[in-house]
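Just below is one structure, and these are the notes that go with it.
The values are calculated or read from the model by the stated rules, or taken from the named source; none is laboratory data. It should be emphasised that the depicted structure is a prediction, and the values quoted were computed from it without experimental measurement. Reconstructed Cβ throughout: ideal geometry from the backbone, glycine too, with neighbour counts over all protein chains shown. What goes into the accessible areas is simple: the full protein's heavy atoms, side chains included, and nothing from ligands, DNA or RNA. Shrake-Rupley method; radii C 1.70, N 1.55, O 1.52, S 1.80 Å.
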Amino acid sequence: LRVRVPAGRRREQARMSATPGPAGGKAPGMRLLYLTEIDEADELEHVWAIDFRELEQVLTDAADNDTIVQSELHEKCQTAQGHSRMTNALLYGIICDRTRGKEFTRYLTLVVKDQFAYCCKQLHRLALEKFPKMNDRGAVQNSPQQNSLLGLVKELVTLNVSGVDKVCLALMRQIQGGNVSQTNRWLCKYMLEILVNNKAWLYAQPALIPQVFYTFARIAADHSDPKYEKMRRQEAQLCCDLWREKVVECRGLGRDVVRVMQDVSRIPEFEALWNDILDDSKAC
């Protein structure tokens, strides 16, 4: 008995089973994840790399003529499947190719047809499931790929893209309590910068606000050392601003507010906020 497979499905299966190039399906010299010899190949990276090769062919055929490239990308994005493939390809290029990252970001903003919905869905998956693998195990500093990812998120926040709040939430979950390594502090500092510089956007994200308050109040307890004073002050200021401007959302944390604040209540920058919370609880 033969089962007829739709033509579109056959093409997708062929694309997925395409013989990898010399770099395991990746463009030479490019990688999204830092996998060891014992790690299994990652499906997301494999698919993105294959789609990137299609984008590379567009650039080659157009001899990097910007007008032709834009026309070809628009043509490929006319179908939902083509739009997904080109979004994957551009995300791969943005994150993995530092020399052309800005160029790929511009193409992404020009060809996107769903208000970045698919883009944010993919970035959320990357931030939630793959972020630790975007760097070597035991690395002492962040990787170029992680830096490019955060740079793209920053750009999407600036553009007020719907759904990027979920990406930010996934990234904040990667901030580890009790960890003062350079890589963890880098992630904390970068997210802090994005949120502080886009407060109007943050204040319009009710689901994100309590997690921001909790994350930075919690992590501030690890930054009591004088050498982290500047970062601690910024964390405390953000928490104070959120409590005073968006107290209803912050109260959504329930008893976790008191638990997390008890750990930082004796840090000078948090004393006034702690007193405000105690007064507020008495008034209730």
*asked:* Of everything in the range 76-118, what is part of a loop (DSSP other than H, G, I, E, B) and touching a His at 6+ places or on another chain (Cβ under 9 Å)? Give them in sequence order.
replied: CYS77, VAL112, LYS113, ASP114
_Verdict on ARG9 being at pLDDT below 95, within 19 Å of the chain's Cα centre (by Cα) and of a type outside the set (A, V, I, L, M, F, W, C)_ = no
*Residue in the range 63-113 that is farthest from PHE131 (Cα to Cα), counting only those that are hydroxyl-bearing (Ser, Thr, Tyr) and in contact with a helix residue (DSSP H, G or I) (Cβ under 8 Å, 6 or more places away or on another chain)*: TYR107
_Give me the residue from the range 35-58 that is aliphatic (A, V, I, L, M) and not in a helix (DSSP H, G or I) and, out of that set, surrounded by the most Cβ atoms within 10 Å (Cβ to Cβ)._
LEU35
*If you go through the range 59-69 one residue at a time, do you hit one that is of a type outside the set (S, T, N, Q), modelled with pLDDT of 95 or more, open to solvent by less than 90 Å² (accessible area, probe 1.4 Å) and under 18 Å from PHE116 (Cβ atoms)?*
no
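Given the criterion under 15 Å from the mean Cα position of the chain (by Cα) and closer than 26 Å to ARG218 by Cα, identify the matching residue among VAL167, VAL161, VAL140.
Only one candidate passes the filter, namely VAL167.
Being in contact with a Leu (Cβ under 8 Å, 6 or more places away or on another chain) and hydrophobic (A, V, I, L, M, F, W, C), is that true of even one residue in the range 251-259?
So the first thing to find is which residues in the range 251-259 are in contact with a Leu (Cβ under 8 Å, 6 or more places away or on another chain), and the list is none.
No, every residue in the range 251-259 fails to be in contact with a Leu (Cβ under 8 Å, 6 or more places away or on another chain) and hydrophobic (A, V, I, L, M, F, W, C).
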*Residues ALA200, ALA221, ALA170: which one is over 28 Å from GLN115 (Cα atoms) and of a type in the set (Gly, Ala, Ser)?*
ALA221
*Sole exception among (1) open to solvent by less than 60 Å² (accessible area, probe 1.4 Å); (2) touching a residue at least 60 places away in the same chain (Cβ under 8 Å); (3) polar (S, T, N, Q) for THR105, by number*: (2)
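Give the residue, chosen from LEU159, LEU169, that is touching a residue at least 24 places away in the same chain (Cβ under 8 Å) and either loosely packed, with under 15 Cβ neighbours inside 10 Å or on the phi > 0 side of the Ramachandran plot (or both).
Values: LEU169 fails: either loosely packed, with under 15 Cβ neighbours inside 10 Å or on the phi > 0 side of the Ramachandran plot (or both).
None of the others qualify; the one that does is LEU159.
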*For the range 154-224, list the helices (runs of 4 or more DSSP H) that sit wholly inside it and hold at least 2 residues that are within 24 Å of GLY101 (Cα to Cα); which are they?*
164-172, 182-196
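Has the range 36-46 got at least one residue that is under 26 Å from ASN135 (Cα atoms), in contact with a Gly (Cβ under 9 Å, 6 or more places away or on another chain), modelled with pLDDT under 95 and among the hydrophobic types (A, V, I, L, M, F, W, C)?
Step one: filter the range 36-46 for residues under 26 Å from ASN135 (Cα atoms), giving 36-46.
Filter once more, so that each one left must be in contact with a Gly (Cβ under 9 Å, 6 or more places away or on another chain): 41, 45-46.
Filter once more, so that each one left must be modelled with pLDDT under 95: 41.
Those left that are additionally among the hydrophobic types (A, V, I, L, M, F, W, C): 41.
Looking for residues that are under 26 Å from ASN135 (Cα atoms), in contact with a Gly (Cβ under 9 Å, 6 or more places away or on another chain), modelled with pLDDT under 95 and among the hydrophobic types (A, V, I, L, M, F, W, C), one finds at least one in the range 36-46, hence yes.
For the range 262-276, check the following and say yes or no: at least one residue is within 26 Å of the chain's Cα centre (by Cα) and either of a type in the set (Gly, Ala, Ser) or modelled with pLDDT under 95 (or both).
Here is the first cut: in the range 262-276, the residues within 26 Å of the chain's Cα centre (by Cα) are none.
No: zero hits.
With the requirement that a residue be in contact (Cβ under 8 Å) with a residue 24 or more places away in the chain and either open to solvent by 10 Å² or more (accessible area, probe 1.4 Å) or within 10 Å of ASP51 (Cα to Cα) (or both), what does the range 77-90 give you? Walk me through how you get there before you give the answer.
Let us first name the residues in the range 77-90 that are in contact (Cβ under 8 Å) with a residue 24 or more places away in the chain, namely 77, 81, 83-90.
Passing the criteria: GLN81, HIS83, SER84, ARG85, MET86, THR87, ASN88, ALA89, LEU90.
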*Can you tell me how many residues in the range 239-267 are exposed (fewer than 14 other Cβ atoms within 10 Å of the Cβ) and part of a loop (DSSP other than H, G, I, E, B)?*
3
*Checking ALA200 against (1) of a type in the set (A, V, I, L, M, F, W, C); (2) modelled with pLDDT of 90 or more; (3) crowded, with 20+ Cβ neighbours inside 10 Å; (4) out of contact with any Leu (no Cβ under 7 Å at 6 or more places or on another chain), the condition it does not meet*: (3)
